[in-house]
Amino acid sequence: MTDFTGRTPGSSYPEILSINNPGGTLDGTLRDIQGSTGTLGPFLLSTSGVRLKNGTTLDGLSGSTIDFTNIDVTAPKGWELVAQNSPTGVNSFQVTGIPASANAILIVFDNVDYALSDRSRVRVLDAGTPETTNYFSSSVFFNNSTTPSVGVSTTGFDLVRQNNTSGTNTHAGVALLTKNGTTGIWNISSLGRYSDTTTPTNYMWSHTIGQSPVVAGTMDGVEILTNGSNNFTAGTFSVYSSGA
C-alpha cells in the first residue's frame, strides 16, 4: 500500500483509486473502481462483495495465472417442472415444451384410476409426434405372490405393469427417462405400485426398464396413455426436466 504520509494532495491524487459513484461512497451496489484519470479497473466493489470482470486474470497464486475468461458461472439447473396434469375423461395426453437441452425427464404420479381396470404407459415424442413402435421394455412385478411375473412391451414403457381394479385401488410411482448421449435413445427406469384402500394387504409393485426407439429429430415431450384405451378418472402426473 502506498504511504501518503507527508505527501501533498496534488502529488498523491494520481495514485488514489475511487469508486464510480456520486460522492464516492461505498454502498450495497456493485460499482466500478477507477483510477484518477477515469480508467476502469478489472473488478467491481460493494459493501457486500466483489465481482471480477470477464477476461480478468489473477496473477501471483502459487506462481500461476488464473484466467477467468472462459469460466462458466451459470448455476447448474436442477429439476424444473414442465407440466402437472390431472387427466379425466381422456385415455391419453401429451406434455410438450421439454427443452432440447434436457438430458433427463422425471415423471411422478399418484392416485391414478381408470374407468375400467387398466394401467398407464409412456411414449417419447419426436418433434411432437409420439413414437409408437420399436421399444424394448420389460417389467418384473409381484401381485400378492412371492413369485415374480415378467411382461414385455414394444409399443411404449409401462409405468406400472399390473392393471388396477377400478374404484378399488390406484396406481402411484416414479419414472426416470435418461438420454443416452447423442444416440437419440432414451432409457427408462420406473418403479410403481398400486395402493388398495379397501384391502391394504392386496399389493403389487413393478419395475420397468428399457430403451426407446431412436428419436431422429428432437425429443420435445412425452405422451402418457392407458394401455387398454380406458379413460383416466383420477390421479395426477407431474413431469420434470433436467439438463444443461
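The values are calculated or read from the model by the stated rules, or taken from the named source; none is laboratory data. Values in this document were obtained by computation on a predicted structure and should not be read as measured data. Using ideal geometry, Cβ is built from the backbone for each residue, glycine included, and neighbour counts are taken over all protein chains shown. SASA here: full protein model, heavy atoms, side chains in, ligands and nucleic acids out. Shrake-Rupley method; radii C 1.70, N 1.55, O 1.52, S 1.80 Å.
All but one of (1) in contact with a strand residue (DSSP E or B) (Cβ under 7 Å, 6 or more places away or on another chain); (2) within 23 Å of residue 185 (Cα to Cα) hold for residue 142; which doesn't?
(2)
Applying the selection to the range 130-152, what residues are in contact with a Phe, Trp or Tyr (Cβ under 6 Å, 6 or more places away or on another chain) and modelled with pLDDT of 90 or more?
The one that is in contact with a Phe, Trp or Tyr (Cβ under 6 Å, 6 or more places away or on another chain) and modelled with pLDDT of 90 or more: 137.
Could you list all residues from the range 107-164 that are of a type in the set (Ser, Thr, Tyr), open to solvent by 30 Å² or more (accessible area, probe 1.4 Å), assigned to a loop (DSSP other than H, G, I, E, B) and under 16 Å from residue 223 (Cβ atoms)?
If the condition is that a residue be of a type in the set (Ser, Thr, Tyr), open to solvent by 30 Å² or more (accessible area, probe 1.4 Å), assigned to a loop (DSSP other than H, G, I, E, B) and under 16 Å from residue 223 (Cβ atoms), then 132, 133, 154, 155 are the ones that fit.
Being free of Cβ contacts under 8 Å to residues at least 24 places away in the same chain and not hydroxyl-bearing (Ser, Thr, Tyr) is the filter; apply it to the range 161-195 and report the residue that is nearest to residue 139 (Cα to Cα).
Applying the filter and picking the extreme gives 191.
So, in the range 98-127, how many residues would count as being farther than 30 Å from residue 165 by Cβ and either without any contact (Cβ under 8 Å) to a residue 24 or more places away in the chain or touching a strand residue (DSSP E or B) at 6+ places or on another chain (Cβ under 6 Å) (or both)?
6
Taking strands (runs of 3 or more DSSP E) that fall entirely within the range 16-93, which contain at least 3 residues that are modelled with pLDDT under 80, open to solvent by 40 Å² or more (accessible area, probe 1.4 Å) and of a type outside the set (D, E, K, R)?
The strands (runs of 3 or more DSSP E) meeting that bar are 40-45, 57-61, 64-67.
Yes or no, residue by residue, for (1) in a strand (DSSP E or B); (2) under 21 Å from residue 125 (Cβ atoms); (3) open to solvent by less than 50 Å² (accessible area, probe 1.4 Å):
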position	(1), (2), (3)
171	yes, no, yes
176	yes, yes, no
183	no, yes, no
191	yes, no, no
195	yes, no, yes
206	yes, no, yes
209	yes, yes, no
229	no, yes, no
234	yes, no, yes
